[in-house]
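One structure is given here, and the rest of the page talks about it.
The values are calculated or read from the model by the stated rules, or taken from the named source; none is laboratory data. Predicted, not measured: the structure shown is a model, and the values here were computed from it. With ideal geometry, Cβ positions are generated from the backbone for all residues, glycine too; neighbour counts draw on all protein chains shown. Please note that ligands, DNA and RNA were not included when accessible areas were found on the heavy atoms of the full protein model with its side chains. Shrake-Rupley method; radii C 1.70, N 1.55, O 1.52, S 1.80 Å.
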Amino acid sequence: MKVSLIPMDIVWGDPRRNIAQAELLIRQAGASDLYVLPEMWATGFATKPEGIVEDEERSEALKWMRDFAAANQAAVSGSLAVRISDGTYRNRHYFVTPGDVVFYDKHHLFTYGHEDRYFTAGHHAVIAQWQGMRFLLQTCYDLRFPVFSRYGVAGEYDAIIYVANWPASRRTAWDTLIRARAIENQCYVVAVNRVGSDPVTHYDGGSAIVNPLGNTAAGLTAELSLEELELMRDRFRVLDDRDQLKL
């Protein structure tokens, strides 16, 4: 499967301009089976949602994801800040394929930035499937909590997708942890972080596709091989000896 990461310099609170930017960057990336956008890619990291967050049922950004997937016969993943029908706000990570939408609500809300004051956390791990591969959906701060993403606890999967607004000041943690998650779970990690600045901080990217050995692809587009993954897991059976925990 060919995967392309789409790091963006997100325009604050402007879904239409961010949709246009996503389209441009995707065209520049070329044909892929899966495109991955950052956390809250349509608005920026809006911890105070009033006046910025879209209603899910009327979200232009979500409609664009659906339309893009259908028109290009590809999958697109990324999180949006939305208000759902019960009135709560969610940092909702969507995995959209032609004709289908799977979503995961961010479990570890970023209390340091007061995300927990306005948003409601999800409580369940979610795995999306596309072209025979299984993707565990995760969002930004989740990266710091390995038990929640542990293979066999969160479910059986082939790759983890992390979408993020991860500040430059904590870049070393980002670089270290995306590799750790790949190595300890013997899986691919597909990690996309925004670039640029918002009203609070600066972001310097670090988006990467990491293989189960902790090695990163040369660019922002790479092939994920299910056959190679299964061979690696079979030859070096680390997962057989993992702790058998339950959430």
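Is it true that some residue in region 124-140 is crowded, with 23+ Cβ neighbours inside 10 Å, among the hydroxyl-bearing types (Ser, Thr, Tyr) and either closer than 16 Å to LEU37 by Cβ or over 17 Å from the mean Cα position of the chain (by Cα) (or both)?
Residues of region 124-140 that are crowded, with 23+ Cβ neighbours inside 10 Å, as a first pass: 128, 135-140.
From what is left, the residues that are among the hydroxyl-bearing types (Ser, Thr, Tyr) are 139.
Subsequent filtering for residues that are either closer than 16 Å to LEU37 by Cβ or over 17 Å from the mean Cα position of the chain (by Cα) (or both) retains 139.
Checked region 124-140: at least one residue is crowded, with 23+ Cβ neighbours inside 10 Å, among the hydroxyl-bearing types (Ser, Thr, Tyr) and either closer than 16 Å to LEU37 by Cβ or over 17 Å from the mean Cα position of the chain (by Cα) (or both).
Considering each residue of region 16-28, count those that are of a type outside the set (A, V, I, L, M, F, W, C) and surrounded by 24 or more Cβ atoms within 10 Å (Cβ to Cβ), and give that number. Even if it seems obvious, please write down each step before you answer.
Here is the first cut: in region 16-28, the ones of a type outside the set (A, V, I, L, M, F, W, C) are 16-18, 21, 23, 27-28.
Then drop every residue that is not surrounded by 24 or more Cβ atoms within 10 Å (Cβ to Cβ), which leaves 18.
Adding up the residues that qualify gives 1.
Taking region 197-212 only, how many residues are open to solvent by 20 Å² or more (accessible area, probe 1.4 Å), part of a loop (DSSP other than H, G, I, E, B) and not polar (S, T, N, Q)?
The qualifying residues number 3.
For region 159-188, enumerate the residues that are within 24 Å of GLY44 (Cβ to Cβ) and aliphatic (A, V, I, L, M). Outline the logic, then answer.
Filtering region 159-188 down to residues within 24 Å of GLY44 (Cβ to Cβ) leaves 160-175, 177-178.
Result: ILE160, ILE161, VAL163, ALA164, ALA168, ALA173, LEU177, ILE178.
For residues that are open to solvent by 30 Å² or more (accessible area, probe 1.4 Å) and aliphatic (A, V, I, L, M), tally how many sit in region 181-196. Walk me through how you get there before you give the answer.
We begin by selecting, within region 181-196, every residue open to solvent by 30 Å² or more (accessible area, probe 1.4 Å); these are 183-184, 195.
Checking the rest, the ones that are also aliphatic (A, V, I, L, M) come to 183, 195.
Here the count works out to 2.
Check whether at least one residue in region 144-157 is among the acidic types (Asp, Glu) and within 17 Å of the chain's Cα centre (by Cα), and report yes or no.
No, region 144-157 has no match at all.
For region 91-99, check the following and say yes or no: at least one residue is of a type in the set (Gly, Ala, Ser) and at pLDDT 95 or above.
no
Here is a check on your reading of the model: is THR120 crowded, with 20+ Cβ neighbours inside 10 Å, touching a residue at least 12 places away in the same chain (Cβ under 8 Å), under 20 Å from MET40 (Cβ atoms) and among the β-branched types (Val, Ile, Thr)?
Numbers: crowded, with 20+ Cβ neighbours inside 10 Å: no; touching a residue at least 12 places away in the same chain (Cβ under 8 Å): yes; under 20 Å from MET40 (Cβ atoms): yes; among the β-branched types (Val, Ile, Thr): yes.
Against the criterion (crowded, with 20+ Cβ neighbours inside 10 Å, touching a residue at least 12 places away in the same chain (Cβ under 8 Å), under 20 Å from MET40 (Cβ atoms) and among the β-branched types (Val, Ile, Thr)), THR120 does not qualify.
Based on this model, can you work out whether ASP67 counts as more than 29 Å from THR216 (Cβ to Cβ) and among the acidic types (Asp, Glu)? Give the derivation first.
Values: more than 29 Å from THR216 (Cβ to Cβ): yes; among the acidic types (Asp, Glu): yes.
Against the criterion (more than 29 Å from THR216 (Cβ to Cβ) and among the acidic types (Asp, Glu)), ASP67 qualifies.
Out of curiosity, is GLY152 in contact with a Lys or Arg (Cβ under 8 Å, 6 or more places away or on another chain), of a type outside the set (Asp, Glu) and open to solvent by 10 Å² or more (accessible area, probe 1.4 Å)? Spell out the reasoning first.
Working: in contact with a Lys or Arg (Cβ under 8 Å, 6 or more places away or on another chain): yes; of a type outside the set (Asp, Glu): yes; open to solvent by 10 Å² or more (accessible area, probe 1.4 Å): yes.
So GLY152 fits the description; yes.
Results for (1) surrounded by fewer than 18 Cβ atoms within 10 Å (Cβ to Cβ); (2) farther than 17 Å from TYR104 by Cα, shown as yes or no for each residue.
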residue: LEU5; (1), (2): no, yes
residue: GLY51; (1), (2): yes, yes
residue: GLU57; (1), (2): yes, no
residue: LEU62; (1), (2): no, no
residue: PHE68; (1), (2): no, yes
residue: ASN72; (1), (2): yes, yes
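Got at least one residue in region 203-215 being within 18 Å of ARG242 (Cα to Cα) and either of a type in the set (A, V, I, L, M, F, W, C) or in contact with a strand residue (DSSP E or B) (Cβ under 8 Å, 6 or more places away or on another chain) (or both)?
Looking through region 203-215, at least one residue is within 18 Å of ARG242 (Cα to Cα) and either of a type in the set (A, V, I, L, M, F, W, C) or in contact with a strand residue (DSSP E or B) (Cβ under 8 Å, 6 or more places away or on another chain) (or both).
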